[in-house]
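Below you'll find the structure, written out as structure tokens, and then a few comments.
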Amino acid sequence: MPARYLKSKANALANSSAPKVDVSSIVKGVIEDIRGNGDTAVRKYSEKFDKWSPQSFKLSRAEIDASIAACPQQTIDDIKEAQKNVRRFAEAQRESLKDFEYEIQPGVVLGQKNLPIQSVGAYIPGGRYPLLASAHMTILTAKVAGVPHVVGCTPPIAGHTPHGTIAAMHLAGADEIYLLGGVQAIAAMAVGTESMRKVDFIAGPGNAFVAEGKRQLFGEVGIDLFAGPTEILIVTDETADPFTIATDIISQAEHGPDSPAVVITTSETVGRKAIQIINELLKHLSTADVAGVSWEQFGEVVVVDTMEEAWKLANEYAFEHVQIFTKRPRDALDKMTAYGALFLGEKTCVSYGDKVIGTNHVLPTRKAARYTGGLWVGKYLRTVTYQEVEDSNASAELGRLCGRAARAENFEGHARSGDLRAQKYQDDHYDWIKLYHDENPTT
């Protein structure tokens, strides 16, 4: 029997009569203006797009210290703990990249050395949310790789300094920090200006304009990958908990109004219940204005007859994040061939990967997982990652950390993925879970 869609993507966006923005032409104009006019053009576009024109875009050490001081101590502690996990995994990756010499035949020696890129620009987004974790993933990973000079750029948010992001960038090891966003930041790092020296490589996620800037500048500088909207795919059988599925789907749908969120299941009952719970949870989510649009327009729930069909379909999606909620989640390691990162079992969630567990969250989207892995140490000197939390207590502790870290960035959906594990495995109590169950006593 063919796959059956309990929920399909909407067609509203395809039929939209909203005016199309020529992103490519806008970005090309900004890049060429900055190439020709340097700092003057950078300031012009920062004023135009961000209403931001400080005396210097580069932060002084005193300004950085002030941002750190403005953060709650718990936020600083959580940044350090999350960065400890990222550092450990990045160091393990770096250790796996060995220099060697090999005598392929008598008298013929072949060798390999891993040399770091000399100068890297890291872009830390900040339009809708202050993405502290992107500092860990881009800057810290570059420093573990041995990059001697890392420039970090992040935009102001509504005319204000994002103190948490600045703190995370500094603690990650950025050598220079600029409060500068958008295409103007990408172009300034790529081509250089009077006040910013040219870098060799640019890493980090961003909106459509940032992604297009990286695309147009690729070749002039190296880039990590072309990133599109966040994607989540959950593969389940009849053993999966629909409430956990719903919570985790919403956690990624809140990234943006165009974030695909898909469930593939062998159980129609699980699929229908997950849809019902998602719709209920959206009624009490602070980011429902974003997550709800994403789910309505790009959410899918697909029923298949066998796990073999589920694996085949999941590989066709080739999504960035793939969660496995089945009797034997580690089967995915043999069955899955196209993904950015695997998250095995219900003790593990994408939000852990996004924020705190240690693997990198800059991952391939739009089927790019067919040919590349995500950002890792090797990008700075194709690999893929997977995560599995086996211990219940460890999952609960990560859940508490994830709740705090995500709420520092206003990611309520991410926080709830952590809350749910803390509630499941350590009996913590959260009002949003109680509220849901009070209103839905039979679930």
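Some points to look at:
- Selection of GluC sites (Glu not before Pro), the range 214-272, meeting DSSP coil and at most 16 other Cβ within 10 Å: Glu220, Glu238
- Among the chymotrypsin sites (Phe, Trp or Tyr not before Pro) in the range 310-372, those placed in a DSSP loop whose Cβ has at most 12 other Cβ atoms within 10 Å are Tyr371.
- Cβ-based net charge around Ser392, under 12 Å, with every Lys or Arg adding one and every Asp or Glu removing one: -2
- Taking the centroid of alpha carbons for each part, the range 222-250 and the range 259-322 are 8 Å apart.
- Bridge orientation summary for the chain: considering DSSP beta bridges with both residues in this region, about 20 percent are antiparallel.
- Amide H partners (placed H, <5 Å) of Ile223, local residues excluded: Ile202
- For the range 301-340, trypsin sites (Lys or Arg not before Pro) are listed when DSSP marks them as loop and at most 13 other Cβ atoms sit within 10 Å of their Cβ; the list is Lys327.
- Two-site FRET efficiency, Gln74 against Glu390, from Cβ-Cβ distance with R₀ of 30 Å, rounded to 0.05: 0.65
- The calculated FRET efficiency for Val21 paired with Glu47, based on their beta-carbon distance and R0 = 30 Å, is about 0.90.
- Heavy atoms of the protein chains alone define the surface here; on that basis the chain has 42 Å² accessible area per residue at 1.4 Å probe size.
- Put a dot 7 Å past the Cα of Asp334, heading toward its Cβ, do the same for Thr306, and the two dots end up 1.5 nm apart.
- Using the Cβ of Lys424 as centre and a radius below 11 Å, the other residues enclosed give a net charge of -3, where K and R count +1 and D and E count -1.
- Candidate residues Lys98, Lys143, Lys48: accessible-area rank, largest first, probe 1.4 Å: Lys48, Lys98, Lys143
- When a 1.4 Å probe is rolled over the protein heavy atoms, the share of accessible surface on the chain that falls to carbon and sulfur comes to 51 percent.
- Charge sum, other residues only, whose C-beta stays under 12 Å from Asp354's C-beta, Lys/Arg counted +1 and Asp/Glu -1: -3
- The lysines within cross-link reach of Lys58, meaning a Cα-to-Cα straight distance under 27 Å and a gap of 8 or more places when in the same chain, are Lys28, Lys44, Lys48, Lys80, Lys84, Lys143, Lys198, Lys214, Lys355, Lys379.
The values are calculated or read from the model by the stated rules, or taken from the named source; none is laboratory data. This is a predicted model, so every value here is computed, not measured. Here the Cβ is made from the backbone with ideal geometry for all residues, glycine too, and neighbour counts use every protein chain on show. Heavy atoms of the whole protein, side chains included, go into the accessibility calculation; ligands, DNA and RNA do not. Shrake-Rupley method; radii C 1.70, N 1.55, O 1.52, S 1.80 Å.
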